[in-house]
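Notes to accompany the following structure.
Each value in this text was obtained by applying a stated rule to the coordinates, not by laboratory testing. None of the values given here were measured: they were computed from a predicted structure. As a convention, Cβ positions derive from the backbone with ideal geometry for all residues, glycine included, and neighbour counts pool all protein chains shown.
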Amino acid sequence: MGNSPDVDNQTDPSVLLDPQRLPRHVAIVMDGNGRWATRRGLSRLQGHQRGKDSARTVVEVARDLGIPYLTLFAFSNENWQRPAREVNFLMALLRRYLMTEAKRLCKRDIKLIVLGEMERLPASVREVLEETMRVTAGNRSMTLALALSYGGRQEIVRAVRSLAREVAQGKLDPEQIDEQLFASRLYTASLPDPDLLIRTSGELRLSNFLLFQLAYTELYFTDTLWPDFGEREFLNALVAYQSRERRFGTVPTSGVPARAAN
Ligand code: IPE
Ligand code: IPE
Ligand code: MG
């Protein structure tokens, strides 16, 4: 894939990583569980099961590196249209993940937040999520944002509706609406824009993820399927990020590569 083999297979990517220039916010579209499983003659559900381990790994690695914000796309608005058996399995898996991981999140000082329509999730999942968010609310070392029942377009429409309501009530002058106010009505209000977006499994699309927030994010696509994505692959993505020059529409500076926007 065009942008992934920045590191050969022999080199340990951690020696190439500059700890001073890590992204502040990494967002990941965790894709390819189904294909990972079907290629092995397994059911798609077993792919999701293995995908959970990759999620655990990237959370640990990001936390160890000191990356302050990590967002994982775990379930999209459109994923509700999958067969009920798969949806139910994913919900049960999420519940189990949270139940086993809550202690660890606390121990590692990680705060959990959710992006998306939490109200659409089954009550059994919502309860565990709310409890995990409650017990991790004071944690400061990293914020883990799980995008669940999330869609970028739906998020934008929801933000517009919230602003329109205030205008209709006479509480807000339309002239006051700027990028910052708009962003404050998105699920990601408490997060900086992602510096790096990773998508696994070779698909070259956003699939309705963070449409507003990704305006100047560096994009990294890899053919690796999500269950095969481990520490090494994650570090490779970070090394690739550090080789980019972020220009934000301006002219090149004297070879100063990838800097976080905020
Ligand atoms: C990503 O893997 C997990 C979710 C979308 C929940 P997929 O289930 O999309 O796997 P593929 O893309 O079919 O291989
Ligand atoms: C995006 O993957 C959603 C998640 C990874 C949760 P999909 O597999 O749903 O996306 P498409 O259908 O390939 O665009
Ligand atoms: Mg997919």
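Partners of residue 52 within straight-line reach, counting lysines whose Cα lies under 26 Å from its Cα and excluding those fewer than 8 residues away in the same chain: 103, 107, 111.
Taking packing as the residue-averaged number of other Cβ atoms within 10 angstrom, the listed peptides 212-218, 119-125, 147-153 run from highest to lowest as 147-153, 212-218, 119-125. Build a GNM of the chain with springs between Cα atoms under 10 Å: which of 246, 165, 50 gets the top mean-square fluctuation? Comparing 246, 165, 50 in the GNM, the peak value goes to 165.
Restricting to Cα pairs below 8 Å that are 6+ residues apart, what does the relative contact order work out to for region 127-262? Please round to a whole percent. The partial results should precede the final answer.
Numbers: 103 pairs, mean separation 26.0, N = 136.
Answer for region 127-262 is 19 percent.
Between residue 106 and residue 223, the distance separating the two model label sites (each 7 Å from Cα on the Cα→Cβ line) works out to 4.5 nm. Taking packing as the residue-averaged number of other Cβ atoms within 10 angstrom, the listed peptides 230-236, 173-179 run from highest to lowest as 230-236, 173-179.
Using the Cα centre of region 1-84 as the reference point, and only Cβ charges (+1 on K/R, -1 on D/E), how large is the resulting charge dipole? Debye, rounded to the nearest 20. Each step should come with its number before you reach the end.
Values: 11 positive and 9 negative charges, 103 e Å.
Computed about the Cα centre, the dipole is about 500 debye.
As a proxy for reagent exposure, ranking 198, 113 by other Cβ atoms within 10 Å from fewest up yields 113, 198.
Just check region 100-251 against the gyration tensor rule for me: Cα atoms, a ≥ b ≥ c as the square roots of the eigenvalues, rounded for a/c under 1.5, and otherwise prolate or oblate depending on whether a/b exceeds b/c. Oblate, because a/c is 1.5 or more while a/b does not exceed b/c. Annotation: extensible slack from residue 137 through residue 81 equals 17.0 nm (criterion: 0.36 nm per residue apart, minus Cα-Cα distance).
Quick check: residue separation of residue 208 and residue 160 times 0.36 nm, minus the Cα distance between them. What number comes out in nm? Write down the numbers at each step before the final one.
Values: separation 48, 0.36 × 48 = 17.28 nm, distance 1.69 nm.
Full extension of this stretch gives 15.6 nm more.
Dipole check for the chain: with +1 at the C-beta of Lys and Arg, -1 at the C-beta of Asp and Glu, and the Cα centre as origin, the magnitude is about 780 Debye.
Annotation: amide H-H contacts under 5 Å for residue 113 (H modelled 1.01 Å from N, sequence separation of 5 or more, or interchain): 144, 145, 146. If the chain linking residue 184 and residue 15 were pulled fully straight, counting 0.36 nm for each residue of separation and taking away their Cα-Cα distance, it would gain 57.0 nm. The residue list 214, 149, 190 was ranked by how far each Cα lies along the charge dipole of region 122-228 toward its positive end, using unit charges on Cβ atoms, and 149 comes out on top. Can you tell me which of 100, 132, 188 moves the most in a GNM of the chain? Springs connect C-alpha atoms under 10 Å apart. Maximum fluctuation in the GNM of the chain, among the listed residues, is at 100. Only Cα pairs under 8 Å and 6+ residues apart enter the sum, and on that basis the relative contact order of the chain stands at 30 percent.
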